[in-house]
Amino acid sequence: MILYFKKAFQFALFLFLFSKVVYGDVTMDADLIIKRVNNVDDGIQVTRRVTMKMIDRRGKERTRETISFRKYFGEDRKTVIFYTKPSNVKDTAFLTYDYESIKREDDQWLYLPALRKVRRISSKDRGDYFLGTDFTYDDIKKEGKIAINEYHFSREGEDIIDGESVIKVSAVCKNNKIAEEVGHSKVLMWIDTRINIVRKSLFFDLNGNRLKTILVGDIRKIDGKWTRHLLQAENHKTGHRSIFRFDKVDYKSDIPDRVFLKRNLTKGF
């Protein structure tokens with residue numbers, strides 16, 4: 001009898017450990033999973049080349065080439081993107097300040113050289129699509145992070161994405177004001193808790209209909225940091241798609257603070 005209970009205990013322990021390996025820690029609630037995503041090490045600074053490809057429902061393609069800089073200033077994060085090709089969008093620039101304090105509204109500015117004007121992006125416009133892509137201004141600013149103060153989170157089960165075990169988490173906007181600003185009412189996220197990165201996100205519009213899907217791929221370590229090299233977004237209403245390919249990712253080279261000044265936007269790269 002003692003042997004029977006010993007074997008039963010060992011089997012139960014095996015199942016418990018197996019579930020942790022395959023499905024992630026079953027004891028983690030949704031809020032903790034999101035906090036771990038937000039706390040993943042993404043470096044003090046990073047420089048990247050980003051190729052943006054936009055494809056309409058007829059298969060017509062447009063390509064843009066950019067260089068992106070991001071740097072932490074204490075707990076605040078600043079990001080700037082300069083367009084380098086083609087010539088009709090060259091020197092277009094986008095600057096964002098993502099503040100740690102929820103009491104302070106984030107700042108975003110867009111410079112359009114054709115207008116020779118720097119325009120501030122209001123928080124009310126953060127759900128608008130970024131320069132013809134299927135990513136919003138908020139998507140660009142957050143870079144895979146999640147505004148934990150703007151959603152109610154819940155676990156929705158487990159799944160497999162790209163051969164990796166993930167936990168599905170639902171994020172519902174806390175109120176209509178937030179939903180109207182970000183342009184969606186709910187997001188389903190498939191999160192790889194081994195590396196704390198969201199591999200897939202399905203967005204729902206204000207009426208609860210499918211809006212768009214973002215897929216994250218080619219996740220590799222650069223200088224010890226798990227790094228996303230491919231983002232694909234598909235708008236389910238328009239059939240339009242956007243593909244962002246990241247290369248020449250550099251976490252080591254110093255980025256001067258002046259790169260992130262608003263007045264620097266008009267100078268180009």
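Checking each residue in the range 108-133 for being open to solvent by 10 Å² or more (accessible area, probe 1.4 Å) and in a loop (DSSP other than H, G, I, E, B) picks out 113, 114, 115, 116, 122, 126, 127, 128, 131, 132.
Residues in the range 213-235 that are surrounded by fewer than 16 Cβ atoms within 10 Å (Cβ to Cβ) and either over 13 Å from the mean Cα position of the chain (by Cα) or within 23 Å of residue 180 (Cβ to Cβ) (or both): 218, 220, 221, 223, 224, 225.
When each of 241, 210 is tested for being touching a strand residue (DSSP E or B) at 6+ places or on another chain (Cβ under 7 Å) and crowded, with 17+ Cβ neighbours inside 10 Å, the lone residue that passes is 241. When you check residue 203 against the structure, is it of a type in the set (Phe, Trp, Tyr), crowded, with 16+ Cβ neighbours inside 10 Å and touching a residue at least 40 places away in the same chain (Cβ under 8 Å), yes or no? Against the criterion (of a type in the set (Phe, Trp, Tyr), crowded, with 16+ Cβ neighbours inside 10 Å and touching a residue at least 40 places away in the same chain (Cβ under 8 Å)), residue 203 does not qualify.
Kindly evaluate residue 29 against the criterion of being in contact with a Gly (Cβ under 8 Å, 6 or more places away or on another chain) and either open to solvent by 10 Å² or more (accessible area, probe 1.4 Å) or modelled with pLDDT under 95 (or both). When the stated conditions are applied, residue 29 does not pass them.
Remark: pairs (first residue in the range 110-125, in contact (Cβ under 8 Å) with a residue 60 or more places away in the chain; second residue open to solvent by less than 40 Å² (accessible area, probe 1.4 Å) and assigned to a strand (DSSP E or B); Cβ separation under 8 Å; 6+ apart in sequence or on different chains) = 111/93; 111/94; 111/95; 118/109; 118/110; 118/111. Taking residue 63 and the conditions (1) out of contact with any Lys or Arg (no Cβ under 8 Å at 6 or more places or on another chain); (2) open to solvent by 50 Å² or more (accessible area, probe 1.4 Å), which numbered condition does it fall short on, given that it satisfies the others? For residue 63, the exception is condition (1). May I ask you to verify whether residue 155 is touching a residue at least 40 places away in the same chain (Cβ under 8 Å) and either of a type in the set (Lys, Arg) or within 29 Å of residue 46 (Cα to Cα) (or both)? So residue 155 passes the test. When residues in the range 236-259 are screened for being on the phi < 0 side of the Ramachandran plot and over 20 Å from the mean Cα position of the chain (by Cα), 10 of them pass. Restricting the first residue to the range 233-250 and requiring it to be at pLDDT below 95, which pairs with a second residue that is open to solvent by less than 70 Å² (accessible area, probe 1.4 Å) meet a Cβ separation below 6 Å and a spacing of at least six or different chains? No pair meets every condition. Restricting 90, 78 to those that are open to solvent by 30 Å² or more (accessible area, probe 1.4 Å), within 21 Å of residue 258 (Cβ to Cβ), within 22 Å of the chain's Cα centre (by Cα) and in contact (Cβ under 8 Å) with a residue 60 or more places away in the chain reduces the list to 78.
The values are calculated or read from the model by the stated rules, or taken from the named source; none is laboratory data. Owing to the predicted nature of the structure, the values given are computational and were not obtained by experimental measurement. Methodologically, a virtual Cβ is constructed for each residue, glycine included, from the backbone with ideal geometry; neighbour enumeration extends over all protein chains shown. These accessible areas exclude ligands, DNA and RNA; they are computed on the full protein's heavy atoms, side chains included. Shrake-Rupley method; radii C 1.70, N 1.55, O 1.52, S 1.80 Å.
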